[in-house]
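Worksheet for the structure shown next.
The values are calculated or read from the model by the stated rules, or taken from the named source; none is laboratory data. Note that the structure is predicted; figures quoted are calculated from it, not measured. As a convention, Cβ positions derive from the backbone with ideal geometry for all residues, glycine included, and neighbour counts pool all protein chains shown. Calculation scope for accessible area: heavy atoms of the full protein, side chains included, ligands and nucleic acids excluded. Shrake-Rupley method; radii C 1.70, N 1.55, O 1.52, S 1.80 Å.
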Amino acid sequence: MWDQIKDALYGATHRVLVGVASFLPGLLALVLAVLLSSLLGWLLGALLGLILRAFDFDKRLQKWDFVVLAEWSPKNSPTLLLRKTVTWTVVVLGWLVGLTAFGAGVTPQLIPRVVESLPNLGTAIVVVLLGVLLARFLARAVLISAVNMQIQSARLLSMAMKWLVLVFAAAMALDHLRIGGDIVRLGFAILFGGIVLALALAIGLGSKEIVSRSWERQSHSKAEPSDDALKHL
Amino acid sequence: MHDTTASRRIATAAAAAPVPVAIVAGVPSFNHAGTVASVLRAAQAGLGEFFSGQSSLLVSADVRSNDGTREQVRGLRAENPLLRELGPADGTAGAASPSVPIRELRMILELAHEVRARACLVLDASVTSMGADWVAQLVRPILDDQFDMVAPCFARHKLDGTISKGIVYPLTRALYGKRVRQPLGSVFALSGRLVERFLARRVWDIEVSALSTDARALSEAVCGEFAVCQVFLGPAEHAGTGPSLDLSSVLAGVLGSVFDEMNRNVAFWQKVRGSEPIRGFGTPVEMAGNAPPVDAHKMWESFRLGCRTLQEVWSAVLPPATLLALNYLAREDAAGAALADDLWARIVYDFALGYRLHVMNRSHLLRALTPLYLGWLASFVREMGAASSQDVERRVQQLSLVYEAQKPYLISRWRWPDRFNP
């Protein structure tokens with residue numbers, strides 16, 4: 001009886017020790033991979049930071065009208081943003097390597113899926129970034145033109161333009177990532193249609209007054225003073 | 001580079017002329033079918049009447065008109081076989097550059113250089129009021145007094161030419177130190193050696209707005225230390241060709257070129273202090289009739305709308321103190337408020353700096369100046385509405401002095417845009 005208990009205890013201890021022995025190298029490999037990747041990430045980030053600062057990257061970006069990156073960056077510094085992106089990319093890669101070495105059951109499926117979705121994720125990020133750039137550019141163009149045309153609701157028009165482009169870019173990115181499927185398309189169609197309808201109504205109702213004012217101007221005295229009478233050049 | 005057909009035509013025109021030629025009078029045109037013939041006739045009459053003893057060439061340069069301008073010129077050649085025509089062969093016109101007079105202007109200068117002309121007169125094909133005497137007035141200072149560039153000073157209504165009065169004249173005067181009253185005069189005469197410099201420095205190879213070729217010519221002449229003078233001419237009436245540009249497009253076109261010139265000539269204008277008068281020929285002509293009534297209130301409201309909505313855009317260009325002053329002004333109504341001269345001069349300088357630093361898309365930047373310009377214009381019109389032409393002129397001179405006084409501000413911001421930001 002005592003021998004059987006001893007065997008069972010020995011067996012259990014052996015299994016646990018074997019389990020721990022097989023588990024520990026993986027755990028150590030994971031810890032080592034994370035530590036090394038953190039160190040490497042920090043070093044690469046610091047190196048990139050030095051190079052970008054030497055090129056005056058933040059100012060150059062501002063000069064090229066790429067202010068959106070600065071706005072979305074910590075402390076308004078695209079250099080810092082890129083530095084952190086590089087650091088964290090290396091750290092995440094280190095985690096993936098560690099998890100693979102650890103041999104957890106989920107990783108064999110997780111890693112191919114992550115790798116597979118990377119190009120789509122990259123494209124989606126580019127689409128969103130371009131969308132944000134275009135939205136800002138068009139919003140500013142509409143705002144300035146509307147003010148120069150003396151349209152009182154210039155800011156509203158500019159905001160509508162900005163969100164129209166942003167929504168369009170977001171829908172394209174989500175569609176590319178195959179997130180949401182038909183719901184995104186349907187939601188986008190409803191939202192886009194709604195914005196266009198709202199704009200049509202706003203412009204239609206607003207134009208009513210403009211048209212009537214224009215008729216009034218034409219029917220009243222033609223010598224009404226205006227800045228159009230000036231030759232600016 | 002222009003096409004080989006045009007080069008052949010320049011060579012043919014030069015070969016047919018007795019070298020050296022004293023005067024080349026050129027008319028660059030683009031869709032000026034209604035006016036080109038009268039300008040060419042006036043130029044021909046001027047050459048015949050005042051320079052009959054000297055060899056001269058009358059040239060029409062047209063690269064891409066499609067409204068019958070070239071047919072008009074060919075019709076005129078029947079009357080005047082000495083008229084030369086520069087341009088591409090039929091059917092190649094559509095491929096030309098969109099900058100209207102540049103290629104044509106360059107062709108005229110090349111021809112003048114080829115025939116070693118002592119004076120090259122460039123005329124505006126859209127003018128409807130040109131007299132034969134303009135040719136004599138513009139060319140004589142070059143032939144008789146050894147000037148290198150003659151700029152026109154047309155008679156204008158007191159409130160006309162406000163972009164020139166409020167921005168271009170005071171700015172170019174403060175920058176280059178010469179008081180050329182109408183830097184956007186649209187016609188000018190050049191000496192042979194200045195033509196040579198223009199071609200050597202490939203001045204017209206760089207894109208420039210059709211509205212400000214004369215401003216480029218002037219800045220090149222002044223920065224090259226050439227002798228510049230001005231002549232007082234009568235009124236210059238222009239015929240419109242095609243749809244007229246809106247105010248913000250005009251401002252963007254003119255100021256874009258003036259600011260480009262600023263960027264190209266930094267080393268020169270940073271050394272210039274104050275300004276000096278240039279010699280003027282003839283007598284200033286008073287414009288007959290009253291100036292049309294102008295609605296200053298509407299302009300002020302445009303300014304206020306800009307202040308309410310364009311803060312975000314302006315804050316990329318203007319320093320906080322200027323924005324604060326503008327916000328304070330925008331709270332006042334049209335009757336009592338005025339944009340002070342020093343504030344206006346600093347705003348123009350700040351936009352020039354913003355253009356240089358490329359703080360945003362340059363077209364957006366220049367168009368964003370329109371409400372501010374209308375604010376200044378409203379102040380100017382309210383102050384000068386009842387004044388005489390002489391008083392308006394005195395007021396423009398006073399504004400120009402303020403631009404000169406504020407030039408150290410421009411230089412400081414230009415040199416240290418990050419550190420000097422009041």
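At 1.4 Å probe size, what's the solvent-accessible area of A:LYS162? Round to the nearest 10 Å².
About 80 Å², rounded to the nearest 10.
Carbon-plus-sulfur fraction of the accessible area of chain B, 1.4 Å probe, in percent?
Working: 8310 of 16000 Å².
Using a 1.4 Å probe with all protein chains present, chain B comes out at 52 percent carbon and sulfur.
Roll a 1.4 Å probe over the protein chains and send me the accessible area per residue for the stretch B:329-398 in Å². Mind showing how you got there, number by number?
Details: 2370 Å² over 70 residues.
Heavy-atom accessible area per residue stands at 34 Å².
With the solvent-accessible surface defined on protein heavy atoms using a 1.4 Å probe, which residues belonging to the stretch B:274-311 display a reduction of at least 20 Å² in accessible area in the multichain context relative to the isolated chain?
In the stretch B:274-311, residues shielded by partner chains: B:PRO292, B:PRO293, B:VAL294, B:ASP295, B:LYS298, B:MET299, B:SER302, B:LEU305, B:ARG308, B:THR309, B:LEU310.
I'd like the interface area for chains A and B: accessible area of each alone minus the complex, both sides summed, 1.4 Å probe, protein heavy atoms only. What is it in Å² to the nearest 100? Write out the running numbers ahead of the final one.
Working: alone 17540 and 17340 Å², together 32060 Å².
That pair of chains buries around 2800 Å² in total.
Averaged across the residues of B:140-150, what count of C-beta atoms belonging to other chains lies within 10 Å of each residue's C-beta? Intermediate results must be reported in sequence, preceding the final value.
Numbers: counts 0, 0, 0, 0, 0, 0, 0, 0, 0, 0, 0.
The mean count of partner-chain Cβ atoms within 10 Å per residue comes to 0.
What does the highest-first list of A:188-201, B:310-323, A:117-130, B:361-374 look like by mean Cβ count within 10 Å? Numbers along the way, then the final one.
On the way: A:188-201: 12.4, B:310-323: 16.6, A:117-130: 14.0, B:361-374: 23.2.
Most protected by this proxy first, the peptides run B:361-374, B:310-323, A:117-130, A:188-201.
Would you mind giving the mean number of other chain beta-carbons within 10 Å of the Cβ of each residue in B:312-318, as a whole number? Intermediate results must be reported in sequence, preceding the final value.
Numbers: counts 5, 4, 0, 0, 3, 0, 0.
Counting Cβ atoms of other protein chains within 10 Å of each residue's Cβ and averaging gives 2.
Which values, in whole Å and largest first, are the semi-axes of the equivalent ellipsoid of the stretch B:27-73 obtained as the square root of 5 times each eigenvalue of the Cα gyration tensor?
Output for the stretch B:27-73: semi-axes of 23, 10, 6 Å.
Using a Förster distance of 25 angstrom, determine the FRET efficiency expected from the C-beta separation of B:GLN270 and A:ARG60, and round it to 0.05.
In this case the efficiency is close to 0.55.
Could you give the Stokes-Einstein D for the stretch B:324-367 in µm² per second, using the C-alpha Kirkwood radius, 4 °C, 1.567 mPa s?
Working: Rh = 11.9 Å.
Rounded, D is 109 µm²/s.
Hey, what's the Kirkwood Rh for the stretch B:378-422 if you take every pair of different alpha carbons, in angstrom?
On the way: mean 1/r = 0.0803 Å⁻¹.
Computed over the stretch B:378-422, the radius equals 12.5 Å.
Hey, can you grab everything whose amide H is under 5 Å from the amide H of B:LEU57? Only 5+ residues off in sequence or another chain; H modelled, so Pro and N-termini drop out.
Amide H neighbours of B:LEU57, under 5 Å, 5+ apart: B:ILE23, B:VAL24, B:ALA25.
So how much accessible area does A:PHE168 have, in Å² to the nearest 10, using a 1.4 Å probe?
100 Å²
Considering protein heavy atoms only and a 1.4 Å probe radius, which residues within the stretch B:160-197 exhibit an accessible-area decrease of no less than 10 Å² in the full assembly relative to the chain by itself?
Listed in order, they are B:ASP160, B:GLY161, B:THR162, B:ILE163, B:LEU184.
For the stretch A:110-216, with only Lys/Arg (+1) and Asp/Glu (-1) charged at the beta-carbon, what is the dipole magnitude about the Cα centre, in debye rounded to 20? Before the final figure, lay out the partial values.
Details: 9 positive and 5 negative charges, 39 e Å.
The dipole magnitude comes to about 180 debye.
Give the Rg (one decimal place) followed by the Dmax (whole number) of chain B, computed from C-alpha coordinates and expressed in Å.
In Å, with Rg to one decimal and Dmax whole: 22.0, 68.
When only the heavy atoms of the protein chains count and the probe is 1.4 Å, how do B:ASP391, B:ASP418 rank by accessible area, highest first?
Working: B:ASP391 60, B:ASP418 105 Å².
If we order B:ASP391, B:ASP418 from most to least accessible, we get B:ASP418, B:ASP391.
Over the stretch A:110-216, with every protein chain in place, what whole percent of the accessible area is carbon and sulfur at 1.4 Å, could you tell me?
In the stretch A:110-216, the share of accessible area belonging to carbon and sulfur is 75 percent.
Using every Cα-Cα pair within the stretch B:296-415, state what percent have a distance larger than 17 Å. Intermediate values should be presented prior to the final figure.
Details: 4052 of 7140 pairs.
Percentage above 17 Å: 57.
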